[in-house]
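Derivation of every value follows stated rules applied to the coordinates shown; laboratory data play no part. All figures in this text were calculated on a predicted structure; none of them were measured in a lab. Because the Cβ atoms are built from the backbone with ideal geometry, glycine has one as well, and the counts that use them run over all protein chains shown.
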2 protein chains.
Amino acid sequence: MDVELIAAVRRFNRTVTQRVGALDDGYMARGRPLAQARLLWEIGPDGAEVAALRTRLGLDSGYLSRLLRTLESDGLVTVGPADRAAGDGRVRTATLTAAGRAEWTELDTRSDEFAWSILAPLTASHRGRLVTAMAEVERLLMASMVVVGPCPPADPRARACVRAYARDIARRFDDGYDPALSRPVRDDDLVPPAGVFLLATLDSEPVGCGAVKLHPDAPAEIKRVWVSDTVRGLGLGRRILHELERYAAERGWTAVRLDTNRNLTEAIALYRSAGYREIPPFNDERYAHHWFEKTL
Amino acid sequence: MDVELIAAVRRFNRTVTQRVGALDDGYMARGRPLAQARLLWEIGPDGAEVAALRTRLGLDSGYLSRLLRTLESDGLVTVGPADRAAGDGRVRTATLTAAGRAEWTELDTRSDEFAWSILAPLTASHRGRLVTAMAEVERLLMASMVVVGPCPPADPRARACVRAYARDIARRFDDGYDPALSRPVRDDDLVPPAGVFLLATLDSEPVGCGAVKLHPDAPAEIKRVWVSDTVRGLGLGRRILHELERYAAERGWTAVRLDTNRNLTEAIALYRSAGYREIPPFNDERYAHHWFEKTL
DNA sequence: CCATATACCTGACTTTAGTCAGGCATGTGA
DNA sequence: TCACATGCCTGACTAAAGTCAGGTATATGG
């Protein structure tokens with residue numbers, strides 16, 4: 001734990017949450033209790049399902065119900081059955097009335113004004129610097145909120161990642177990518193104790209993955225390391241790779257290896273900088289041009 | 001109002017205050033009401049005067065009293081007369097007991113842990129980037145919180161600024177600075193309608209100043225533009241200058257002028273870039289090497 | 001069809017936060 | 001010395017936030 005860095009983060013938290021956060025609430029509230037204002041805001045002009053609101057705002061079911069009743073009796077919101085045909089009959093959707101939409105627009109305007117009240121005192125060039133730095137902080141905070149953990153390869157989110165991975169490489173390989181021509185990976189190989197599939201999530205949305213297969217009497221094999229481009233460039237690939245290596249190392253494997261395509265230049269750079277050395281082919285993967293190994 | 005910039009600020013506010021702010025509160029509270037935890041934190045290991053706590057936390061006098069009673073009855077705090085000899089007998093100081101200090105240390109540790117929980121998932125280089133960007137955001141937010149407004153030149157904060165200004169230039173001029181040798185400025189000249197003294201404050205602490213004297217039948221004269229080095233490089237000088245020009249322009253003056261020393265290179269650069277042109281000497285100021293004028 | 005889970009709801013409740021009026025002791029300017 | 005301001009306090013109050021224990025209607029798996 002680096003004391004300097006920690007102190008800097010704490011200073012930042014203090015300044016930003018006290019000044020920006022508190023003031024923002026003030027702008028939001030406009031006479032109404034903050035919880036109501038936030039709820040109204042979160043419902044938004046397109047409406048939202050009650051369950052979604054509950055998780056997004058982290059509210060108790062009963063409390064949320066009561067807040068909705070209040071907004072309803074103020075004529076700002078109507079709550080009715082979800083309009084999606086064949087939907088779950090228990091689910092209900094909250095929608096803004098005309099008055100509610102007007103109120104929402106007012107909140108939107110005030111949020112704009114608040115943002116502008118931060119920018120207005122600055123010169124144009126300082127405004128630019130502030131916004132750039134804010135975007136950087138935001139992206140890196142996002143990266144730090146990513147959670148990496150094991151996940152069954154059959155999980156829909158895992159499947160979604162693998163599909164995204166296949167789409168990505170199909171676009172980048174010289175001759176496209178046909179999974180049928182590639183060496184197959186069975187789900188069972190990526191379930192402990194045979195191996196593991198790691199899923200990276202941001203707010204429980206999948207944003208990356210990676211897998212390792214613990215070959216008996218051979219180096220472990222790393223597969224399917226993929227990072228969504230929404231969080232690319234933030235070190236997530238390295239993190240996943242590191243977790244996979246750790247998984248293998250903790251179970252007694254002393255080396256990991258992998259194959260990759262010559263077009264995946266950032267991946268290759270990542271492997272090299274993570275201590276991988278190029279080795280002769282250890283398999284007949286149709287799409288591979290480079291084979292790497294690392295001693296753990 | 002630039003829509004792009006505003007949107008960026010709003011995204012930032014949303015992400016950062018929701019995640020960092022809310023989580024931070026959680027770390028702070030540890031079972032205790034947030035207001036109590038914050039108060040305990042603010043008292044700190046060295047104790048604090050009740051009045052200071054009131055302004056720092058922005059609490060109602062009665063409310064703060066009650067919070068202190070609660071902490072007192074929990075054995076965390078003692079409130080006694082201010083220990084400073086010959087102090088104001090009404091003022092009281094809150095001090096942490098041993099238990100209170102332990103609690104404070106616990107909060108401190110948790111704050112460290114929280115900060116580290118943000119940094120930990122990142123690689124070393126991303127940590128560096130995050131901290132750098134955070135510092136930039138913090139500094140620029142600070143700049144945007146600076147309030148510039150008229151202030152009587154006899155106000156202690158104004159005096160403090162002018163003293164700091166004199167110290168600064170004494171250090172930078174080739175032959176030091178003796179106010180007695182410089183052209184005198186009378187307070188009356190910097191009080192409306194003769195002129196104005198502007199004070200820049202951050203959290204009501206003075207961080208800069210500037211003055212303009214509205215000479216009858218002559219260009220207005222700008223004096224004593226100074227910015228504390230805690231907020232230097234953030235465009236505050238330009239802002240003060242601009243406000244002074246506006247003051248003169250609004251009252252019918254069509255030109256402003258000023259004199260300056262050759263060693264104040266940033267100031268000279270500021271004047272030039274703000275549209276000032278060098279003119280022949282218009283006074284016999286002992287310490288001046290350059291004279292500037294700007295048509296409003 | 002039944003047992004069980006889930007989504008949302010209501011009623012009853014507690015805690016926290018915050019406000020307001022007034023009171024006492026101390027300080028300050030005339 | 002007096003009137004008035006100020007710092008801190010207490011009592012009485014309100015509103016907001018949040019919790020908990022059920023209750024009803026709708027799914028879901030066998």
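By the count of other C-beta atoms within 10 Å, a proxy for reagent exposure, B:C209, A:C151 are ordered fewest to most as A:C151, B:C209. Centre-to-centre separation between the Cα atoms of segment B:133-181 and those of segment A:215-249: 53 Å. Top mean-square fluctuation among B:D203, B:D174, B:D88, Gaussian network model of chain B, C-alpha springs under 10 Å? Maximum fluctuation in the GNM of chain B, among the listed residues, is at B:D88. With θ taken as phi - 60° and the Karplus curve 6.51 cos²θ - 1.76 cosθ + 1.60 applied, the whole-hertz 3J(HN,Hα) list for segment A:279-290 is 10, x, x, 10, 8, 10, 4, 4, 9, 8, 10, 10 Hz, x standing for glycine and proline. The dipole here belongs to chain A: it is taken about the Cα centre, uses +1 on the Cβ of Lys and Arg and -1 on the Cβ of Asp and Glu, and is about 380 debye. Position A:H242: other-copy label points at 4.3 nm, ordered by increasing distance, label point 7 Å along Cα→C-beta. Here's the list of lysines a cross-link from B:K294 could span, going by alpha-carbon distance under 24 Å and ignoring same-chain residues fewer than 8 apart: B:K213, B:K223. Derived scalar couplings between HN and Hα for segment B:182-195 equal 8, 5, x, 10, 8, 3, 4, 6, 10, 10, x, x, 5, x Hz in order, rounded to whole Hz, by the Karplus curve 6.51 cos²θ - 1.76 cosθ + 1.60 (θ = phi - 60°), x for Gly and Pro.
Select from B:I43, B:L244, B:A7 the residue farthest towards the positive end of the dipole of chain B; place +1 on Cβ of Lys and Arg, -1 on Cβ of Asp and Glu, and compute about the Cα centre. Projecting each Cα onto the dipole axis, the largest value belongs to B:A7. Between the Cα long axis of helix B:3-16 and the first principal axis of chain B there is an angle of about 30°, rounded to the nearest 10. Taking the Cα centre of segment A:3-121 as reference, the dipole from Cβ charges on Lys and Arg (+1) and Asp and Glu (-1) amounts to some 400 debye. Cα gyration tensor of the protein assembly as shown, axes a ≥ b ≥ c as square roots of the eigenvalues: rounded (a/c below 1.5), prolate (a/b > b/c) or oblate? Prolate is the answer for the protein assembly as shown, as a/c is 1.5 or above and a/b outweighs b/c. GNM remark for chain A: springs join alpha carbons under 10 Å apart, and the peak mean-square fluctuation among A:V162, A:V91, A:V185 falls on A:V91. For B:L199, the amide hydrogen comes within under 5 Å of the amide hydrogens of B:G149, B:C151, counting only partners 5 or more places away or on other chains and with H modelled in the peptide plane. The ranking of A:E138, B:E266, A:E4, B:E285 from fewest to most other beta carbons within 10 Å of each one's beta carbon is A:E4, B:E266, B:E285, A:E138. Shown in residue order for segment B:147-158 are the 3J(HN,Hα) couplings computed by the Karplus curve 6.51 cos²θ - 1.76 cosθ + 1.60 at θ = phi - 60°: 9, 10, x, x, 7, x, x, 8, 4, x, 5, 5 Hz (x for Gly and Pro). Each other copy holds its own label point for A:D217; taking that point as 7 Å from Cα along Cα to Cβ, the gaps run 11.0 nm, nearest first. With its label point defined 7 Å out from Cα along the Cα-to-Cβ axis, A:V191 lies at 8.6 nm from the matching points of the other copies, in increasing order. Dipole check for segment A:147-295: with +1 at the C-beta of Lys and Arg, -1 at the C-beta of Asp and Glu, and the Cα centre as origin, the magnitude is about 220 Debye.
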